[in-house]
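Data first, discussion second: the structure below is written as structure tokens.
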Amino acid sequence: MKRILQVLFIIIFIASVNPFVSAQCKGFAKKICKLELIPFIHDGNYHAAILTEGEEAELYKTFYSGQDYRIAVCGSDALGAIEFQVIDGYKNVLFDNREHNNVRLWDFKLESSQQLKINIKVPVSTGESEYPASGCVAIMFGFKEK
């Protein structure tokens, strides 16, 4: 019975803290990552989540032809360089930041409108820490006004 109460307490605690953590991550995206889009105009969406070393996430977004775009990916300092790839519907890698010194930005223009997949990965650090680092990772999208 005691074990069940402990597990129940942990579940309730996590459920009550999670909205707070999510709100902090969204605040990180607004205050830190949004600035990376300048001089592009933010699309109004905040894509941010708490990730741990070794975790991956993916996001699908539609981009339109003839429009100039910027993708900005940033993470908490504890995580180091975040890796990201942009992949088209035919599984062609259009951009991989590992091939560009782990840059946090990519500016591009497409010849045809299409949905792209953005893969994000938090690499495992080489540090001697007993526990993997975790922190907020945000991806922001901007466009240039014509």
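Output the Cα-based Rg and Dmax of region 17-146 in Å, rounding Rg to one decimal and Dmax to a whole number.
Every Cα atom of region 17-146 included, Rg and Dmax give 14.9, 51 Å.
Quickly work out the Asn101-to-Ser113 label distance, labels modelled 7 Å from Cα along the C-beta direction, and quote it in nm with one decimal.
Result: 3.7 nm between the two label points.
Please go through the residue pairs Lys30/Lys91; Lys61/Lys109; Lys34/Lys144; Lys121/Lys144 and name each one whose alpha carbons sit more than 21 Å apart in this structure. Walk me through the numbers on the way to the answer.
Values: Lys30/Lys91 31 Å; Lys61/Lys109 14 Å; Lys34/Lys144 14 Å; Lys121/Lys144 27 Å.
Cα-Cα > 21 Å for Lys30/Lys91; Lys121/Lys144; rest within.
What's the extension gain from Val124 to Asp88 if we count 0.36 nm per residue and subtract their Cα-Cα distance?
Computed gain between Val124 and Asp88 is 10.3 nm.
Checking the cross-link filter: which aspartates and glutamates have an alpha carbon closer than 19 Å to that of Lys117, excluding same-chain neighbours under 8 positions apart?
Filter leaves Asp43, Glu55, Glu56, Glu58, Asp68, Glu83, Asp88, Asp96, Glu99, Asp107.
Per-residue counts of other Cβ atoms within 10 Å, averaged by peptide: what ranking do you get for 73-85, 102-114, highest first?
Highest to lowest by the protection proxy: 73-85, 102-114.
Every read-out reported here was derived from the displayed coordinates using simple, explicitly stated rules and does not represent laboratory data. Worth saying up front: this structure is predicted, and the values here are computed from it rather than measured. Cβ atoms come from the backbone with ideal geometry, glycine included; neighbour counts cover every protein chain shown.
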